[in-house]
1. Taking the stretch B:193-214 on its own, how many of its residues are within 15 Å of residue B:254 (Cα to Cα) and in a loop (DSSP other than H, G, I, E, B)?
2. Only one of (1) touching a residue at least 12 places away in the same chain (Cβ under 8 Å); (2) more than 15 Å from the chain's Cα centre (by Cα); (3) not in a loop (DSSP other than H, G, I, E, B) is not met by residue A:351, so which one is it?
3. Can you tell me which residue within the stretch B:1-21, out of those that are crowded, with 19+ Cβ neighbours inside 10 Å and in contact with a helix residue (DSSP H, G or I) (Cβ under 6 Å, 6 or more places away or on another chain), is farthest from the other protein chains (Cβ to nearest Cβ)?
4. Is at least one residue of the stretch B:62-73 under 21 Å from residue B:422 (Cβ atoms), at pLDDT 95 or above, within 13 Å of another protein chain (Cβ to nearest Cβ) and crowded, with 24+ Cβ neighbours inside 10 Å?
5. Among the candidates C:190, C:126, C:153, which residue alone is part of a strand (DSSP E or B) and more than 15 Å from residue C:102 (Cα to Cα)?
6. Please work out which residue is farthest from the other protein chains (Cβ to nearest Cβ), limiting yourself to the stretch C:47-67 and to residues that are in a strand (DSSP E or B) and buried (at least 18 other Cβ atoms within 10 Å of the Cβ).
């Protein structure tokens, strides 16, 4: 299969290409130097970028589906019947799996990672990933409240912790180590939480600080492609920025094993709150951005808020309880034995609410105050800040101070008073947009063949119907939003899958997971502990726990030899 | 030659025990260990082929006649593709993989798809839409629970290993002495065998559960009851129960069809979930339905991620529409709003109310099942299927939504395909007919 | 005001989904265009003209359009869905979802309506001279923001859960309402001739008036006794017991008035 995308304005900042008019050659699913006799598609006057890479989005698994089940009213919006190519779809903040694939693809995305995979539920997550078409996929395995991890770390048995984490990634077919409210979700097993890095986790001789530091050490000893992906403690709490800063400090004594960060601060917006009550709730984006600017070991994704009706969901059980008790709305909770505690509750971000307004501003402030776009990733923590369909709006806000001002004027005055967004005149260019929607994600995840268009890269390409030469995004932000909502072409693995915003071909994509090797002797010892845990505390047999390959669409193991013995 | 299969998952009830050992000798199941008597019977009867459906059949001149699989599939596809509003029903005793094909079939046909939860825990699902769902996996109960309540449920009979594997008897991480570390409470209209084991039994008047829950909630939330008795339970008993609930360190309320199918139905569950929510102000409390069929949960899961809704989905207009009361199997049947039926792994002729069955008898029925049933006896097309979890692999979800891989221990009878394969053949043929 | 007359021809076998019977859709259209409007009979896309003979003339705007259905259409669903203005008169009974998501205008049904009539209504008037099925003036599944404006008047009886999640507007059932009337109600006014049981269950706001005695849930508290009260802007004759509830909920502000004399 050969293809040439001709004459587009190409943005591939990872390879130093910034808007040059050039051709992209594709053969056998890869970008190549040149091809002959290939089908040519004229892209003149259009914007060409690598396929989008989603790094943090709740698209598959137990709590996503609990949200769907709990919110039929969400599914009345956005329905479409079956076509000759696509399945029927529905859902807004909790879209069906099919819609998830189609909608990302229409926006030019070709890869997506689901934000949290609880090990016991891994099979469920993969069943849903199997039913998300159009994308290469991966999942982040949650470990921040895992009993065995906490035991090993509290006993100082770091090699054992490494071997167990490696086994868990393999057993769950996960791609990276995720931690959610470390220690807090275990405390939630008793209806409690941890509120500082030095609170002790009830019944476990460990603190959040020790868990986070331990996970980073595990991650670097195993030399995993991605860093630890952290949802810190105190999400969504007034004044939580001090916890966040203390957490970021912990990266100082962690040496990266690869050329990448050692910590991804995920949905940073929810962790950058100042004030001491909801009445003087304010932005601390400047403090967080400063910490990120001064370190080469940190990256963040935004967790941007967009106004409207959405669903919050996270493996941070106590936080969902807290939020639902503020709103009085329905609440789902799903504690998972020995592992984690997801929760779900609907939420409405209102332009009239002072809190929502400040939250909206914080996400954008973070993206604009962190100097290097290589350290910023555009996310809404879908659907927590907003459904992912809203990304084109956020692209427009990043590119246009005027568009931000227009929103700011409509909001409660707190959004102006308690943030600095109004004083920021920085506007992103196309290269920066490329960084924050694909290239930075691919780097952070260690995906060498994604996020760029160099020879050998996956032939995942997005072509947007907008002329970067003649468009002034600062003024024509509506045109930017339109263009990013529906590609002229999305190419996945060398095939045209979307044309003029319509899915024309359904492909299934690959599932990526990490297979990190450790010493055999060590692994045997750890498996003895695992076996004991299953016999005593789990309610499924060990033999029925690991996810069989049959659940994965085109599995692709990223093999790592860690050297841990 | 005897082969032992270990870690086998029992595909009978929602408890989905996965520690079963099955000995197979000469291709037949010889012995089953660890399973309860119901599960053991299911395993052993699989190999008694004289009780199975073995050949596809099509009704001709009023009689079922053996035909080739191709003929049966052709006839099934014609019936379904020709219908204005086919109803695809059953699904709770088969794998997620089969359910998934069934959902696409419903979508292609423009039909209504519904499962057995419509007559068991459908009300629980409707309640979740309004109140949410405060739950956990069963290991949380095993490791932490010190107060276990069964309300309108009798696991001693319906889920025989539930108490020993998950709730009362197992030793857990924080409950090292097993049942000595826990209190068992049963609320029911009569003293069941489960109630006989309980430290506290609360007898509620039939059909008055809602009032009792409302009273409990008022007391939990600090109100004084103005009456001496609610639903046959004294104020003192209500206050004592409320205090037990508030003062435990991890409580769980398991509920069964005594609560979902008595007057109030989904409202009982809504109120019970709200009670559990109230209790979380004081302590840790969770709630869980005692699901019956082994993969009734899986159907809701697959349908939710593929079509957005958990049961009773109508694809008449090409996209999913859901509203129990209209799109639920019995409502569709009793209003005469469907004109053909596909029944998979279920026996609605035996289980549905009379008005539904009367209308069923007026329309062509395609049945896919393992054993002959009253439904297969009245069907126009009958296609035998292999047993998921014994003869074919697949996925099933436990009552706490934990997914497990079903294992295969013996070959299906010769010529008998899995539900998945049968449904795929019908789907392919329907796609051809529909163009 | 111009008038269009629909005479039922065939009664559809599997029910008829007829969202297009609405003044908003008919306005500005010719008889031929109206006959060609899409309806669904099960999974078959059909023409409105297959099920109704159409005569008369539509107004230029919804507000200038009146639709008369000459007869019983108990299997026709979604009449007047989302309508914003104009009038529909049905000289018979209708199927489910009559006036669902209605925003304005008026629907008068001389017979009865099936379940889910007035679901998610936000304005306009729905009057039913016969009975209503279950879920009169309800919220859609899972939606906590139910009917928030307009009024529904049923001269006969209503099924279960009338005024479910009511969040504004007024629902009146002159006859008897089955159990759970006003369940999870948040605001607005629900008036019932009589109520079977569990009235106001889990309500957090709004007022329910029952013009006869009924058994209250144990989580309601008798707080007052009033005569000839004005409730949500409406005057009522007689002596009423006032119950506060549902005290199972947190911060409940609901009131149930039972007429005792």
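1. 1
2. Single failed check for residue A:351: (3).
3. Taking the stretch B:1-21 and keeping what is crowded, with 19+ Cβ neighbours inside 10 Å, we get B:8-20.
Filter again for in contact with a helix residue (DSSP H, G or I) (Cβ under 6 Å, 6 or more places away or on another chain), leaving B:10, B:12, B:15, B:18.
Values: B:10: 12, B:12: 16, B:15: 10, B:18: 5 Å.
Among residues in the stretch B:1-21 that are crowded, with 19+ Cβ neighbours inside 10 Å and in contact with a helix residue (DSSP H, G or I) (Cβ under 6 Å, 6 or more places away or on another chain), the one farthest from the other protein chains (Cβ to nearest Cβ) is B:12.
4. no
5. Step by step, each of C:190, C:126, C:153 is checked, and only C:190 is part of a strand (DSSP E or B) and more than 15 Å from residue C:102 (Cα to Cα).
6. First pass over the stretch C:47-67, keeping only residues in a strand (DSSP E or B): C:47, C:52-56, C:65-67.
From what is left, the residues that are buried (at least 18 other Cβ atoms within 10 Å of the Cβ) are C:52, C:54, C:65-67.
Working: C:52: 18, C:54: 23, C:65: 25, C:66: 28, C:67: 23 Å.
The extreme case among them is C:66.
Every residue, every condition in (1) buried (at least 18 other Cβ atoms within 10 Å of the Cβ); (2) modelled with pLDDT under 95; (3) within 20 Å of residue A:40 (Cβ to Cβ), yes or no:
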site	(1), (2), (3)
A:461	yes, no, yes
A:475	no, no, no
A:479	no, no, no
A:505	no, no, yes
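Residue by residue, here is whether (1) surrounded by fewer than 23 Cβ atoms within 10 Å (Cβ to Cβ); (2) within 10 Å of chain B (Cβ to nearest Cβ); (3) in a strand (DSSP E or B) holds:
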position	(1), (2), (3)
C:174	yes, no, yes
C:194	yes, no, yes
C:204	yes, no, no
C:208	no, no, yes
C:215	yes, yes, no
C:222	yes, yes, yes
C:225	yes, no, yes
C:244	yes, no, yes
C:250	yes, yes, no
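The values are calculated or read from the model by the stated rules, or taken from the named source; none is laboratory data. Keep in mind that what you see is a predicted model, and the values were worked out from it rather than measured. We place every Cβ from the backbone using ideal geometry, glycine too, and count neighbours over all the protein chains shown.
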